[in-house]
Amino acid sequence: MKTTSTDNLSIFFANSPSNPSAMDPRIWSRLPVELLEHILSLLPLKTFWNLRSTCKRFRYLVFSPSFISKYSSSSLPFSSFLLLAHPQCHRYFPLYDSNLGTWRSTSLPLSDLHHCWAPSALLSSSGGLFCLSDFTSSSSSFLIVCNLLAKSSRKIEFPTYSFRVDHLTLVSTAIGYKIFVLCSESAYVYDSILLSWRRFDGFDPILSENDHQEGAFHYGGLYFTTPEPFSVVRFDLESGKWERPNAVLPSQVTFVRLASDGEGKLYLVGGVGNNGISRSMKLWEMGESENWVEVASLPEMMCRKFMSVCYHNYEHVYCFWHLGMICICCYTWPEILYYKVSRKTWHWLPRSPALPEKCSCAFRWFSFVPNLYSPV
C-alpha cells in the first residue's frame, strides 16, 4: 500500500523516543497542507535532517513557493553552530550550539560530502554553505560547494592544476556566492551566477607570506592583513583591484587580524607590546573616517592564557565573525576565545568532549549557520 507524507510523519513521530504514543494515522492523513508546513517549520535541525529523507513529498513541501514565502530561512528555528574540524575527529565534526551554549550530539550528514569526509577537506564556510577540496582526480583539481541542509552540492573545476588553499575565501550572498583563491601571482574569483572563473593579475606578493588567512568581506571587498610591517589591504571582488586603505594601524601592535559582521562593521584584533611580544590584546572598530577606534581590551588573566596558548607564535592565530561573536582561534589550541559584541564581554568556549584527551594541533573552526535556501 502506498504511503503519503502524512503517514510517514505519523510513523516518524510514533517511533520517536520522545513521543512513544502513536497518533491515529487516519488523523494524519487528513492533515491540511498548511498545518503540515507549519509543523515542518518548527522542527529542530536534527529532526529535520532525519525527516527530510522520509519521502519525496517532504522535499517538495519545504521547497514549494508557499513554504518558502511563509518560512524564510531566517525564521526557521535552526540553531547556529561553531564547527570544529580536526584530523583526530575521524568522519565527524563536533558542533557547538552557540544559541544554547552547549556541545551537540548532532552529526553532519557526511554522506552528502561524497568522498570528501576528511576534516582537512573543509576550506571555508559562509551563509550555510561549505567549500571543500577534492583532489581525487589525477588530471585536475576541483572544489565542492555544498548546502548540507538542502542536500545539494556543486563540483567546480579550478582553472589551474594546483593552488594554495591557505588563501581561499567563500562569500555567500542572498543570490549566490563567490570563491576567492590566490594562486601563484594571480587572484581567481568564481561567480556562481556566471558559473565561471575570472583571473586578476598584479596582487601584492607580501600577502602570500601570511598563511591560513581568510578575507573579511566588507562592502564588496575582501580585507586582509599583511605581515610586518603590518598593514591592511583590500581586494575588490568586482574589479579585481588591490588597494591599501588610508587607516593607520594602532601603534605597537605585535599581530593583527580582521573580522567583519557582514552588515557594515569591520573589526581589528591585535596584540600590543614590544619586540614582538604581546603584553595585551585589544579590539578596534573601523570608524566613519576610516580610523581605528578602540572598543575593548582583553582582561589581563584571559590575555595571559591566550598568549601562553599560542606561545607568541601569532601566525597560528585567526579570526572570524559568528552571529554577534568575534571568534579568536589558534591552530594549536582546542578552545575559542570570543567577544560578545552586544554584551561587550569576553568568554572562553569550553573544549569539546568529543576530542581525544591527547590531541595534536591543526584545530580549525568554522561558522555554520544552516540556511535551507542558500543556492549552490
Name the residues whose placed amide hydrogens come within less than 5 Å of the amide hydrogen of Met281, ignoring near sequence neighbours (fewer than 5 apart) on the same chain. Val272, Leu298
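Under the classification rounded if a/c is under 1.5, otherwise prolate if a/b is larger than b/c and oblate if not, where does region 81-368 fall, given a ≥ b ≥ c as square roots of the Cα gyration tensor eigenvalues? Please report the intermediate quantities before stating the final value.
Numbers: a/c = 1.63, a/b = 1.14, b/c = 1.43.
Oblate, because a/c is 1.5 or more while a/b does not exceed b/c.
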Which order do Ser141, Ser289 fall in if you start with the one that has the fewest other Cβ atoms within 10 Å? Ser289, Ser141
What is the set of long-range amide H partners of His218 at a cut-off below 5 Å, with H atoms built 1.01 Å from backbone N? Tyr223
Cross-link pairs beyond the 20 Å C-alpha cut-off, checked among Lys151/Lys340; Lys178/Lys241; Lys56/Lys151; Lys155/Lys241: Lys151/Lys340; Lys155/Lys241
Counting only C-alpha contacts under 8 Å and six or more residues apart, can you give the relative contact order of region 81-368 as a whole percent? 13 percent
Taking amide H atoms as placed 1.01 Å from N in the peptide plane, list the residues 5 or more away in sequence, or in a different chain, whose amide H sits under 5 Å from that of Ser141. Phe158
For region 259-264, in residue order, the Karplus 3J(HN,Hα) values (coefficients 6.51, -1.76, 1.60; θ = phi - 60°; whole Hz; Gly and Pro = x) are 8, 10, 7, x, 10, x
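Just rank Cys131, Cys89, fewest to most, by other beta-carbon atoms within 10 angstrom.
On the way: Cys131 24, Cys89 18.
Neighbour counts put them in this order, fewest first: Cys89, Cys131.
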Final fewest-first order of Ile39, Ile328 on the 10 Å Cβ neighbour count is Ile39, Ile328
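Count neighbours as other Cβ atoms within 10 Å of each site's Cβ, and list the chymotrypsin sites (Phe, Trp or Tyr not before Pro) in region 223-324 that are DSSP loop with at most 12 such neighbours.
Details: sites: Tyr223, Phe224, Phe230, Phe235, Trp242, Phe255, Tyr267, Trp284, Trp292, Phe306, Tyr311, Tyr314, Tyr318, Phe320, Trp321; in loops: Phe230, Tyr311.
Passing sites in region 223-324 are Tyr311.
Computed from the coordinates by the stated procedures, all read-outs in this text should not be read as laboratory data. Just so it is clear, the model here is predicted, and its values are computed rather than measured. No Cβ is skipped: glycine too gets one built from the backbone with ideal geometry, and neighbour counts run over all protein chains shown.
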